[in-house]
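Novice: Here it is, the structure in full.
The values are calculated or read from the model by the stated rules, or taken from the named source; none is laboratory data. Worth saying up front: this structure is predicted, and the values here are computed from it rather than measured. Glycine gets a Cβ as well: all are built from the backbone with ideal geometry, and neighbour counts include every protein chain shown.
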Amino acid sequence: MPYKTDYHIHTTYSDGRAEPEDYIHSALIAGLDELGFSEHLTPFMPPQKWNMDPENITKYLEHIGRLKNNMEGIKLRTGLEVDFFPGREEETRAILSSIPLDYVIGSVHYQGNETVDMGVEFYEGKDIDKLYEAYFETTIAAVRSGLFDLIAHCDLIRIYGFRPSFDPVHLYRKLAKEMKHHNVAFEVNTNGRNRPIADFYPDRNYLFIFSEEKVPVCVNSDAHAPERVAQHFNEAYSLLKNSGFNEMVVFKERKKTLVPF
Ligand SMILES: [Zn+2]
Ligand SMILES: [Zn+2]
């Protein structure tokens, strides 16, 4: 049995459908060893319905803190899923430095002022080759920034199924090398199965690259509803095993530890 963790969970503090307690209930049923919360924090953008009101950060930390202190049978972790904006690294660092967390997930949802995952219109009339290159370039900048412990859905640009005219293998290789160099983990994000691409992130055809480069990995559900906690995890674990992984990364107080898988 692998040590089971799920560090990518959204509750009503951002765009999830239920309270943290409801996800803990699901996690206990799923037999998870650790459950981590990761609300959306999107600095530098006007408030939107999918991200957390920064005014609520303290309330969120206190809420999870109370649950941590009273919990048996599962370890709880506190995280955030923070949008990365190139050029705003130092401001982001200043914001994060005052928030005590177990881990910070870095996400590239934006290219410029637009999100890549909120509608297929973003892709219309655009050069997909250039979009792929730009998306990976931004993700690599996020890795290099030193702001993040883990990168979410590292090839989210696949979401609507658009493919570049070239084989993007070199983009994955470069990303994996940078992740290893900066000790940043990636996730197998099983929520891709519920999105238009209908498969996990990253593309399973390139998982061997992350394995060859020895990038730390974990499996996350990106659940926005309690019934999706740990969804498709057994499939993700076998996929990782078959791709050559034998360790998983766990997070506590911004430190990473590898556990056998
Ligand atoms: Zn995300
Ligand atoms: Zn998420």
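Novice: Taking the range 65-93 only, how many residues are closer than 19 Å to Ser38 by Cα, free of Cβ contacts under 8 Å to residues at least 24 places away in the same chain and small (Gly, Ala, Ser)? Before the answer, list the steps.
Specialist: Kept after step one, since they are closer than 19 Å to Ser38 by Cα, are these residues of the range 65-93: 65-69, 71, 74-85, 92-93.
Next cut, free of Cβ contacts under 8 Å to residues at least 24 places away in the same chain only: 65-66, 68-69.
Imposing the further condition that a residue be small (Gly, Ala, Ser) reduces the set to 65.
Going through the range 65-93 one residue at a time, the tally reaches 1.
Novice: Could you please find all residues in the range 149-159 being surrounded by 23 or more Cβ atoms within 10 Å (Cβ to Cβ), within 15 Å of ligand 2 (Cβ to nearest atom) and of a type in the set (Val, Ile, Thr)?
Specialist: Ile151
Novice: Surrounded by 11 or more Cβ atoms within 10 Å (Cβ to Cβ) and more than 20 Å from Arg144 (Cβ to Cβ): is that true of Tyr110 in this structure?
Specialist: Details: surrounded by 11 or more Cβ atoms within 10 Å (Cβ to Cβ): yes; more than 20 Å from Arg144 (Cβ to Cβ): no.
No: the conditions fail for Tyr110.
Novice: Please specify each residue of the range 65-85 satisfying the condition of being part of a loop (DSSP other than H, G, I, E, B) and under 17 Å from Pro46 (Cα atoms).
Specialist: So the first thing to find is which residues in the range 65-85 are part of a loop (DSSP other than H, G, I, E, B), and the list is 70-74, 84-85.
Of everything in the range 65-85, those that are part of a loop (DSSP other than H, G, I, E, B) and under 17 Å from Pro46 (Cα atoms) turn out to be Phe84, Phe85.
Novice: Working carefully through the options Ile57, Ile24, find the one that is among the aliphatic types (A, V, I, L, M), in a helix (DSSP H, G or I), at pLDDT 95 or above and touching a strand residue (DSSP E or B) at 6+ places or on another chain (Cβ under 7 Å). Spell out the reasoning first.
Specialist: Details: Ile57 fails: touching a strand residue (DSSP E or B) at 6+ places or on another chain (Cβ under 7 Å).
Within the list Ile57, Ile24, the selection yields Ile24.
Novice: Within the range 166-210, work out how many residues are more than 16 Å from the chain's Cα centre (by Cα), part of a loop (DSSP other than H, G, I, E, B) and not aliphatic (A, V, I, L, M).
Specialist: The total comes to 5.
Novice: A further question on this structure: I need the full set of residues from the range 135-148 which are out of contact with any Pro (no Cβ under 9 Å at 6 or more places or on another chain) and buried (at least 17 other Cβ atoms within 10 Å of the Cβ), in order please.
Specialist: Taking the range 135-148 as the starting set, the residues that turn out to be out of contact with any Pro (no Cβ under 9 Å at 6 or more places or on another chain) are 135, 139-140, 143-144, 146-148.
If the condition is that a residue be out of contact with any Pro (no Cβ under 9 Å at 6 or more places or on another chain) and buried (at least 17 other Cβ atoms within 10 Å of the Cβ), then Tyr135, Thr139, Ile140, Val143, Leu147, Phe148 are the ones that fit.
Novice: Sticking with this one: Suppose the filter is farther than 23 Å from Ala27 by Cα, at pLDDT 95 or above and not hydroxyl-bearing (Ser, Thr, Tyr); does Leu207 pass it? Talk me through it step by step, then tell me what you get.
Specialist: Details: farther than 23 Å from Ala27 by Cα: yes; at pLDDT 95 or above: yes; not hydroxyl-bearing (Ser, Thr, Tyr): yes.
The answer is yes for Leu207.
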